[in-house]
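Asker: The structure is given below, and queries will be raised subsequently.
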Ligand SMILES: Cc1ncc(COP(=O)(O)O)c(C=O)c1O
């Protein structure tokens, strides 16, 4: 590559994203059935859009806010954290960020030195792995237990700890598996963190989308973990606000100025118009969240029913949360190379999915399917796959 010698080692080591590659390939094919995007297809609710328009018209959105975000918004976020996450929070413990992603990136930058190891239960969201790499940290992928619905391998995590381990980073409900880590397991993880003096960084993007009696548990709600946890959240999934780029993090007050030092060079502050929209999201009616959840529950069940008809091709666990699932590919070819399998499915059946390898080596032999799409999209994709696999 022309600029190879100019590119930092940090960036050069990062491989092209398989997710973006599939998106690029999908654009070359007409009338694709998309099951590859983890982005809500619903539009942002009207009252949120109206609040943003009013903020623009009122002249409230043209400047920067405090780098940690509008105080009024942080006050609402604190109330939400107390009410829904059982985290005793106040506005001084909150930074409003450019989506959960920038909150996670700023946190990793603030905590990780070159050579520090970060444990990630895997398969996991590939962006987390890249965030550790870009901070010159070392991602240590500890496989989850697939035979038990991708739960945490607590023993495996313990065994992976070395003197260089600095943090554990996980997302629950999980992207890509949809597993909701139980309170019992997260309490065991907390014990490990406390015993070994490790920080825990959480990505709770799908916190409201849990089904079948599964409960989302925030590890920072354990009183001893308050000083050891940075919890990252987002408006993206809860209120279908992907493009608004707005999220937030919660941490001990003493840590906030350090994380803010990493947040400012990347963002200065989160988009102010989006902060006003987020305020409306928290203060307004919450029935949209219930509606999204009911939709995802229906599309999950439809996808499972359709997968049952392809039981010689895929084996799956019904996900307890998120709007993603991670079937194992049973055919010989797919087991070895999920990238070729998914690319063939795209070219030959016009169905776009994400190869499991995008989520770390333990994801190989799987593919990720998103059910945050209309039912017709699921039916179209599975009709095509049934014909294709014959
Ligand atoms: C686990 C997880 N975290 C974060 C994000 C992105 O969040 P945001 O848009 O708030 O940056 C995604 C998007 O797919 C995700 O799956």
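Asker: Taking 0.36 nm per intervening residue step and subtracting the Cα-Cα distance, what contour gain separates residue 113 from residue 92 on full extension?
Answerer: Answer, rounded to one decimal: 5.0 nm.
Asker: Where is the GNM fluctuation largest for the chain (alpha-carbon springs, 10 angstrom cutoff): 284, 69, 365?
Answerer: Result: 284 has the largest fluctuation of those listed.
Asker: Looking at the square roots a ≥ b ≥ c of the eigenvalues of the Cα gyration tensor of region 131-262, which shape do they give, rounded for a/c under 1.5, prolate if a/b is larger than b/c, or oblate?
Answerer: Working: a/c = 1.45, a/b = 1.04, b/c = 1.39.
The shape class here is rounded.
Asker: If you don't mind, there's one more thing I want to ask. Taking every DSSP beta bridge with both residues inside region 71-221, roughly what % is antiparallel (nearest 5)?
Answerer: In region 71-221, DSSP labels about 5 percent of beta bridges as antiparallel.
Asker: Would you mind telling me the antiparallel percentage of the DSSP bridges in the chain, rounded to 5?
Answerer: Taking every DSSP beta bridge with both residues in the chain, the antiparallel ones total about 45 percent.
Asker: Based on alpha-carbon atoms only, what is the radius of gyration of region 52-95 relative to the globular estimate 2.2 N^0.38 Å?
Answerer: Expressed relative to 2.2 N^0.38 Å, the Cα Rg reads 1.36.
Asker: Using C-alpha positions alone, give me the convex hull volume of region 1-140 per residue in cubic angstrom.
Answerer: 221
Asker: Tell me, in nm to one decimal, what length is gained between residue 331 and residue 194 on full extension, where the rule is 0.36 nm per residue of separation less the Cα-Cα distance?
Answerer: Roughly 45.0 nm would be gained on extension.
Asker: What number, rounded to the nearest 500 deg cm²/dmol, is the helix-based mean residue ellipticity at 222 nm of the chain, given -39500 (n - 2.57) per DSSP H run of at least four residues and division by all its residues?
Answerer: -13000 deg cm²/dmol
Asker: Same structure again: Any idea how far the Cα center of region 301-369 sits from the one of region 112-128, in Å?
Answerer: For region 301-369 versus region 112-128, the Cα centre distance is 24 Å.
Asker: I'd like the FRET efficiency for residue 253 and residue 14, computed as 1/(1 + (r/R0)^6) with the beta carbon distance as r and R0 of 41 Å, rounded to 0.05.
Answerer: 0.80
Asker: Let me ask you something else. Would you kindly state how much longer the chain becomes between residue 71 and residue 340 on full extension, computed as 0.36 nm times their sequence separation minus their alpha carbon distance, in nm to one decimal?
Answerer: Additional length available on full extension: 91.9 nm.
Asker: Next up: Using 7 Å Cα-to-Cβ label points, what is the residue 312/residue 29 separation (nm, one decimal)?
Answerer: 2.2
Asker: Evaluate the Kirkwood expression for the hydrodynamic radius of the chain, namely the inverse of the mean inverse distance over all pairs of different C-alpha atoms, and round to one decimal in Å.
Answerer: One over the average 1/r among Cα pairs gives 21.5 Å for the chain.
Quick note: the coordinates plus some simple rules give every number you see, no bench work behind them. Predicted model, so just to flag it, every value in this text is computed and none were measured. Virtual Cβ from ideal backbone geometry, glycine too; neighbours counted across all protein chains shown.
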